[in-house]
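Colleague: One structure, as structure tokens, below. Some questions next.
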Amino acid sequence: MPSTIRTFLLRPGAFFEQRRDQLNGFRGSGLAFGIAIVVTVVLGLALRLFAVQFTGTVERDNPARPPEQMCEDGGVGGITVSGCDEPATRTVEVGSLIWDYATETLPGLFIGFIIVWVGLLLGLYVGAKLAGGSGRFGETAEITAWGLLPSVVGVVAGGAALVFFAASTDLSASSPELLLEQVRRLQNGLSGFVFLAIQVGTAAWQAYVWAGGLRVVHEISRYAAVAIAVIAATLPVIAA
């Protein structure tokens with residue numbers, strides 16, 4: 001393991017101390033956007049693998065067929081509307097519907113990740129200043145971004161767990177009520193404990209990184225840095 005990675009993992013304070021003069025908002029913004037892209041891509045892959053586990057089918061209105069009133073009594077003004085010979089409904093796989101919904105939400109998740117970074121940045125900066133910190137806003141921005149790096153590991157682990165538990169669950173039903181019940185089961189028992197453990201572990205790692213960075217940049221006490229970092233890392237977990 002390269003020494004830089006080992007230092008970041010084991011001694012984030014020393015990691016930031018080595019970069020004390022290089023920390024700035026531009027690097028922080030680039031890092032945050034890069035992490036947001038990676039998290040979105042990984043989450044998209046996990047959702048794609050999750051969606052294919054649903055093998056049931058449902059009947060949906062056929063978009064290729066015009067409204068029924070346009071096809072009755074010889075069409076409109078005696079002119080037959082194109083597409084009236086198409087079936088009124090079509091059979092669609094549940095997995096494809098879930099994936100379509102996921103592709104619509106992924107851009108919003110990317111934007112949401114950036115918003116969370118900004119919110120955490122403001123929280124860490126204000127908290128450090130209230131504790132007597134002397135660091136600059138740009139330096140705090142990069143520290144905040146580095147603290148989001150554990151999110152990549154958390155999303156990979158959570159996505160893998162989601163696909164694993166989904167593969168072990170019967171998701172072949174076509175009834176929406178039954179499918180909803182089956183999905184809810186993934187949030188309970190062993191699977192629910194695993195998801196919670198990943199979420200808490202990711203938050204703890206983030207707090208560890210932020211605490212080390214705040215001590216270096218803002219030169220505040222260990223207790224103040226830990227308290228601010230823990231609060232910042234805990235709020236997203238509670239909100240989720």
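Colleague: Determine the pairs where a residue that is within 16 Å of Phe164 (Cα to Cα), located within region 42-61, has a partner that is modelled with pLDDT under 85 and not small (Gly, Ala, Ser) with Cβ atoms under 6 Å apart, the partner being 6 or more residues away or on another chain.
Modeller: Here the result reads Gln53/Leu171; Phe54/Val94; Phe54/Leu171, each pair linking region 42-61 to a residue that is modelled with pLDDT under 85 and not small (Gly, Ala, Ser).
Colleague: So in region 227-240, with the set limited to residues that are crowded, with 16+ Cβ neighbours inside 10 Å and of a type in the set (Val, Ile, Thr), which one is nearest to Ser168 (Cα to Cα)?
Modeller: First, pick out the residues of region 227-240 that are crowded, with 16+ Cβ neighbours inside 10 Å: 227-230, 232-233, 236.
Filter once more, keeping what is of a type in the set (Val, Ile, Thr): 228, 230.
Values: Ile228: 40, Val230: 35 Å.
The extreme case among them is Val230.
Colleague: Here's another thing I want to ask about it. Report the residue count in region 19-28 for those that are touching a helix residue (DSSP H, G or I) at 6+ places or on another chain (Cβ under 8 Å) and open to solvent by 40 Å² or more (accessible area, probe 1.4 Å). Give the derivation first.
Modeller: Let us first name the residues in region 19-28 that are touching a helix residue (DSSP H, G or I) at 6+ places or on another chain (Cβ under 8 Å), namely 20, 23-28.
Next cut, open to solvent by 40 Å² or more (accessible area, probe 1.4 Å) only: 20, 24, 26-27.
Qualifying residue count, region 19-28: 4.
Colleague: All but one of (1) open to solvent by less than 50 Å² (accessible area, probe 1.4 Å); (2) in a helix (DSSP H, G or I); (3) not aromatic (Phe, Trp, Tyr) hold for Val118; which doesn't?
Modeller: The number of the failed condition is (1).
Colleague: If you scan region 198-226, which residues turn out to be free of Cβ contacts under 8 Å to residues at least 40 places away in the same chain and either in contact with a strand residue (DSSP E or B) (Cβ under 6 Å, 6 or more places away or on another chain) or open to solvent by 50 Å² or more (accessible area, probe 1.4 Å) (or both)?
Modeller: Result: Val200, Ala204, Arg222, Tyr223, Val226.
Colleague: Still on this model: Can you tell me which of Glu177, Glu139 is open to solvent by less than 50 Å² (accessible area, probe 1.4 Å), among the charged types (D, E, K, R) and either over 24 Å from Asp21 (Cβ atoms) or touching a residue at least 40 places away in the same chain (Cβ under 8 Å) (or both)?
Modeller: Details: Glu177 fails: open to solvent by less than 50 Å² (accessible area, probe 1.4 Å).
Going through Glu177, Glu139 in turn, just one is open to solvent by less than 50 Å² (accessible area, probe 1.4 Å), among the charged types (D, E, K, R) and either over 24 Å from Asp21 (Cβ atoms) or touching a residue at least 40 places away in the same chain (Cβ under 8 Å) (or both): Glu139.
The values are calculated or read from the model by the stated rules, or taken from the named source; none is laboratory data. What you see is a predicted model; the values in this text were computed from it and never measured. Cβ atoms come from the backbone with ideal geometry, glycine included; neighbour counts cover every protein chain shown. Ligands, DNA and RNA are stripped out before the accessible areas are found, and what is left, the full protein with its side chains, is counted by its heavy atoms. Shrake-Rupley method; radii C 1.70, N 1.55, O 1.52, S 1.80 Å.
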